[in-house]
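Just below is one structure, and these are the notes that go with it.
The values are calculated or read from the model by the stated rules, or taken from the named source; none is laboratory data. Predicted, not measured: the structure shown is a model, and the values here were computed from it. Reconstructed Cβ throughout: ideal geometry from the backbone, glycine too, with neighbour counts over all protein chains shown. Side chains are part of the model used for accessible areas, which takes the heavy atoms of the whole protein and leaves out ligands, DNA and RNA. Shrake-Rupley method; radii C 1.70, N 1.55, O 1.52, S 1.80 Å.
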Amino acid sequence: MAIFILRRLGVMLLTALCMTFIVFALTNLPPNLEKLAKTQAGMRITDAEVASWIDRNGYGQPIPARYAEWLGIVPAKVIETGRGLGGRCVRLTGATSVEEVPRYCGVLQGQWGYSTKFRVPVSEVIGERLARTGILMFWAFATMVPIALVIGVLAGMREGSATDRALSTFSIASTSTPEYVSGVIFVVIFASSMVGLKWFTGSAKSAVNGVTFENFTLPVVTIALYGMGYIARMTRASMAEVMTAQYIRTARLKGVKFRTIVLRHALRNALIAPFTVIMLQFPWLLTGVVIVEALFVYPGFGDALVQGAQANDIDLLLAVSVVAVVVVLVTQLISDIGYAFLNPRIRVS
């Protein structure tokens with residue numbers, strides 16, 4: 001198992017480097033840098049002033065060199081211009097003399113950059129927004145996974161029964177309803193004066209100061225409902241397949257109680273396939289909450305991604321992309337390890 005994990009970690013590291021380099025190259029294309037220069041220095045600056053701004057802020061070097069500086073594995077170049085010192089480390093630290101400029105100022109040294117949108121270090125934006133989305137993800141998972149597993153198991157226990165058809169219809173309906181549709185419907189029914197219930201608030205902005213049942217229920221239910229159907233369908237298919245296995249038929253012929261067959265013999269094997277699907281929900285929740293956060297005005301990780309893209313905030317976009325890539329790779333590693341534990345045949349092979 002240790003060799004298996006080490007191999008996976010090596011693949012994760014290589015994949016992360018490749019993905020971050022692609023994102024870095026795309027966000028540092030000349031049109032993006034020109035747009036960033038005009039955003040920071042004024043829309044009416046000349047082409048020569050744009051080129052000067054790009055060189056002064058350390059964006060003028062080749063992309064591989066800047067990527068190595070961004071990672072923090074090579075010393076950052078200090079550029080002396082007529083207006084003073086320039087370069088990535090000077091831009092991030094505000095140093096005024098060569099002696100004050102640190103040699104390394106990359107991600108490995110904890111320097112994620114400066115957000116031109118929020119005017120604060122990127123690490124502050126990412127940490128704050130990630131924590132908020134983490135709370136939303138936690139409650140969405142705590143609602144979605146148990147209900148989806150129960151629906152899938154109940155539907156798959158007796159394939160073709162009325163219960164199976166009813167629960168399968170519910171699962172398909174929930175999955176086929178986009179979040180922006182179900183969210184609007186929930187707001188109209190439970191938060192607006194049109195119906196008059198007003199059980200919850202239609203905005204989750206107040207959840208920043210404290211999560212309550214009123215301001216967090218609708219976004220959590222909107223996310224959970226969409227993901228619930230997919231997990232339930234996978235669980236139902238896996239459960240139905242297990243219930244037709246030879247060892248289940250043998251147990252029935254021996255007179256074992258149906259409840260015992262389900263709980264002791266079928267349930268564990270039926271949860272192997274849904275486990276992978278559940279782990280895949282983590283990266284989907286992290287980056288897929290953009291619509292829900294926008295709909296319920298919740299300033300989370302997805303909202304930071306949207307605002308960073310709209311403002312061409314390169315450092316923020318890079319940090320968001322790195323976090324998303326790491327979350328995907330880590331959840332895949334956990335999924336592979338968990339799959340090996342759940343299915344002993346993986347370890348033997």
Most positive-pole-ward Cα, I22, A204, P146, against dipole of the chain from beta carbon charges | P146
Length gained when the stretch L29-S161 is fully extended (0.36 nm per residue, less Cα-Cα span) = 41.8 nm
Ranking Y247, V328, Q307 by how far each Cα lies towards the positive end of the charge dipole of segment 240-349 (+1 on Lys and Arg Cβ, -1 on Asp and Glu Cβ), the top one is Y247
Considering Cα pairs under 8 angstrom that are at least six residues apart, work out the relative contact order of segment 6-135 and quote it in whole percent.
-> 15 percent
Once L6, L253, L149 are ranked on solvent-accessible area with the largest value leading and a 1.4 Å probe, the list reads L253, L6, L149
Among the aspartates and glutamates, which fall within straight-line cross-link reach of K35, defined as a Cα-Cα distance under 20 Å, with same-chain neighbours fewer than 8 residues apart omitted?
-> D47, E49, D55, D313, D315
Which Cys in the chain stand alone, with every other cysteine's Cβ at 4.7 Å or more from theirs?
-> C18
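Charges at C-beta only: +1 for Lys and Arg, -1 for Asp and Glu. How large is the resulting dipole of the chain about its Cα centre, in Debye rounded to 20? Display every interim value, and only then the final one.
On the way: 31 positive and 20 negative charges, 321 e Å.
The dipole magnitude comes to about 1540 debye.
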Counting only trypsin sites (Lys or Arg not before Pro) that are in a DSSP loop and have at most 15 other C-beta atoms within 10 Å, tell me the longest site-free stretch of the chain.
-> 258-349
Of [x] 34, 27, 19; [y] 37, 24, 22; [z] 48, 27, 14, which is the value of semi-axes √(5λ) of the Cα gyration tensor in Å derived from the coordinates here?
-> [z]
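Taking the Cα centre of segment 260-349 as origin, sum charge times position over the Cβ atoms of Lys and Arg (+1) and Asp and Glu (-1), and report the length of that vector in debye to the nearest 20. Kindly include the intermediate steps, with their values, before the conclusion.
Values: 4 positive and 5 negative charges, 162 e Å.
Rounded to the nearest 20 debye, it is 780 debye.
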Taking a probe of 1.4 Å, how large is the accessible area per residue of the chain, in Å²?
-> 52 Å²
Residues whose built amide H sits under 5 Å from the amide H of I79, excluding neighbours closer than 5 in sequence, are G86, G87
Between R44 and T169, the FRET efficiency computed from the C-beta separation at R0 = 51 Å comes out, to the nearest 0.05, as 0.25
At a 1.4 Å probe radius, carbon and sulfur cover how many percent of the accessible area of segment 14-113?
-> 60 percent
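Per the helix-only calculation at 222 nm, which mean residue ellipticity applies to the chain, given -39500 (n - 2.57) for every DSSP H run of n ≥ 4 and division by its residues, nearest 500 deg cm²/dmol?
Numbers: 16 runs with 236 residues, N = 349.
Only helices count here, giving -22000 deg cm²/dmol.
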Using a Förster distance of 25 angstrom, determine the FRET efficiency expected from the C-beta separation of N209 and V326, and round it to 0.05.
-> 0.30
Pull up all non-local amide H partners of N28: gap of 5 or more, or a different chain, and H-to-H distance under 5 Å with H placed in the peptide plane.
-> none
Towards the positive end of the charge dipole of segment 8-101, with charges on Cβ (+1 Lys, Arg; -1 Asp, Glu), say which of S52, A95, A41 has the farthest Cα.
-> A41
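Given R₀ = 45 Å, FRET efficiency for L267-S193 by Cβ-Cβ distance, to 0.05?
On the way: r = 46 Å, r/R0 = 1.02.
Efficiency, from the Cβ-Cβ distance: 0.45.
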Most mobile of P102, P75, P62 in a GNM of the chain (Cα contacts under 10 Å) | P62
Interchain or sequence-distant (5+) residues whose placed amide H lies within less than 5 Å of the amide H of Y114 are V122
